[in-house]
Amino acid sequence: MSLQRRIVVLLLAVLIASYAAVSVGTYIGLHQYLVGRLDQQLSAAGNRYGLQLEHGDRDGDDGSGSLGTVAGQAVGTLGARLLDNAITAFGVVGTDTAASSLSVRAVSQLAAIEPNGDIVSLDVDGLGRYRLQAVRGRDGDVLVTGLPEHELNETIAKLLILEGAILGVALLVAAAAARPAVQLALRPLARVTGLADLISTMPLQSGSVALPAPLADGDRTTEVGRLSTAFDRMLGNIETSLHARERSEVQLREFLADASHELRTPLTIIRGYSELALRPGHTDADAMRAALQRIEGEASRMGVLVEDLLLLARLDALAETARAPVDLSVITIDVAAAAQATAPDHRWVLHLPEQPVTMEGDERQLRQLLTNLVTNARVHTPAGTTVTIELTGDPEGAPTAHASWLVTDDGPGVPLEAQGRIFERFARAADHDAAHPRGSGLGLAIVAAVVAAHRGRIVFSSEPGRTIVGATLPMQSAPAQ
């Protein structure tokens, strides 16, 4: 059974149960009320009728033992006089019923009533149901008076028939009104179901997927509205995930294409010089040495590229980087000294705080980070450029202590069109000049990956004459060395 049908059936069942409870209460209340009134009439009738039964010869009894006409008594009133369990006088007002017409069972029923004044209900054989009261007379006899219940039962039966008719009409109206009302209330749920069915048939496994518009039924005061809102959020998460997957696939394809290109160039050079060195009759020692040196240089370049790719792969795979106390001051001095020895044609300036700066992290990755920052400044600036390497750190014990590396140069700066992607893989400021590439384009991508692994943030700004590239890293209260 569908949810809509179950709700309608439940509503009708609740309506029937409620109406039945009201009907039962009404029946009980009305029955008690009518019986109470009947008992009052019986008590009043018994006082007069009993005397007439006991002294029938003085009150107009014809001697036949019948009291069919009694002044002041309601039609249907039953009267009986019993002596020694035998009926000596009997009558029903408004009829010609006499004692001789009573059955043996009716006589025994009337004789069995206790003459204590209590009122009882009894189905008198041949006469119907009565409310009866028996009292002792002054002559040692028993006087029984009764009023019929048929009017009471007819009134209650009419009430039950009326209530049944009202219930039937109410059920028809409720059934006719409940179906469209439930359909209207569940319409957002039907849209959720339809949208879910539509999404289930869409090819989400690959490529760009245009998901349908959200439901926008955000009435959080209703369960269906909250379901629609939750479904919209889920749809937004799916769409975000699909876009992220698509971007990841595009980046992966670009990465593979760029990596293949970067590896193909040195491989082509190596193969060319190898063929030159192995050419038959080629005996020039200087040419052989030059070819082998070029092969060695390209192999070294390819080795560096492969190492960078492996480092990026490891950083992508690690959910959490290794943590150990690292002295950033020592790393800064070492990298600055190596840069000065590698590029003496640049002017190198080193700024260190008076106290050592330490943090928790991976020393190898942090050293690679600063090395790449310095190498980037060295490779992409001309001779004579001043490069400043600066290390700063918050005081130990500060609630949000951070350490920062900033590498600043006064070179030509990063072209504006390249600034938005210099931290992407294989992105180079000289991409427009493919004939003279400088670097593999992975240095700053590794910097971004290491910073992300240490939950830090990148610092970058560039204009002609001043470029700042750096990183700010949380110190995490590492002990000082």
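The values are calculated or read from the model by the stated rules, or taken from the named source; none is laboratory data. From a predicted model like this one, the values you see are computed outputs, not experimental measurements. As a convention, Cβ positions derive from the backbone with ideal geometry for all residues, glycine included, and neighbour counts pool all protein chains shown.
For this structure, a couple of remarks:
- As a summary of the residue check, residue 35 satisfies the conditions (1) among the aliphatic types (A, V, I, L, M); (2) within 28 Å of residue 152 (Cβ to Cβ); (3) exposed (fewer than 15 other Cβ atoms within 10 Å of the Cβ); (4) modelled with pLDDT of 85 or more except for the one numbered (3).
- Residues of region 222-263 that turn out to be loosely packed, with under 13 Cβ neighbours inside 10 Å and of a type in the set (Lys, Arg), as a count: 3
- For the residues 406, 416, 369, the requirement of being touching a helix residue (DSSP H, G or I) at 6+ places or on another chain (Cβ under 7 Å) and either aliphatic (A, V, I, L, M) or outside the structural domain of residue 451 (by TED's automatic domain parsing) (or both) singles out 369.
- Residue 113 crowded, with 16+ Cβ neighbours inside 10 Å and in contact with an Asp or Glu (Cβ under 6 Å, 6 or more places away or on another chain): no
- Looking only at region 334-364, and only at residues there that are surrounded by fewer than 19 Cβ atoms within 10 Å (Cβ to Cβ) and among the acidic types (Asp, Glu), the one that is nearest to the chain's Cα centre (by Cα): 360
Yes or no, residue by residue, for (1) modelled with pLDDT of 80 or more; (2) exposed (fewer than 15 other Cβ atoms within 10 Å of the Cβ); (3) among the acidic types (Asp, Glu):
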{"position": "24", "(1), (2), (3)": "yes, yes, no"}
{"position": "45", "(1), (2), (3)": "no, no, no"}
{"position": "50", "(1), (2), (3)": "no, no, no"}
{"position": "56", "(1), (2), (3)": "no, no, no"}
{"position": "60", "(1), (2), (3)": "no, yes, no"}
{"position": "78", "(1), (2), (3)": "yes, no, no"}
{"position": "85", "(1), (2), (3)": "yes, yes, no"}
{"position": "93", "(1), (2), (3)": "yes, no, no"}
{"position": "97", "(1), (2), (3)": "no, no, no"}
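- Here residue 367 clears all of (1) modelled with pLDDT under 85; (2) within 49 Å of the chain's Cα centre (by Cα); (3) of a type in the set (Lys, Arg) except the condition numbered (1).
- Pairs meeting the criteria (first residue in region 75-86 and over 10 Å from residue 142 (Cβ atoms), second residue surrounded by fewer than 18 Cβ atoms within 10 Å (Cβ to Cβ) and not aliphatic (A, V, I, L, M), beta carbons under 7 Å, at least 6 apart or on different chains) are 75/94; 76/94.
- Residue 323 meets the conditions (1) surrounded by 15 or more Cβ atoms within 10 Å (Cβ to Cβ); (2) modelled with pLDDT under 90; (3) basic (Lys, Arg) in every case but one. The failed one is (1).
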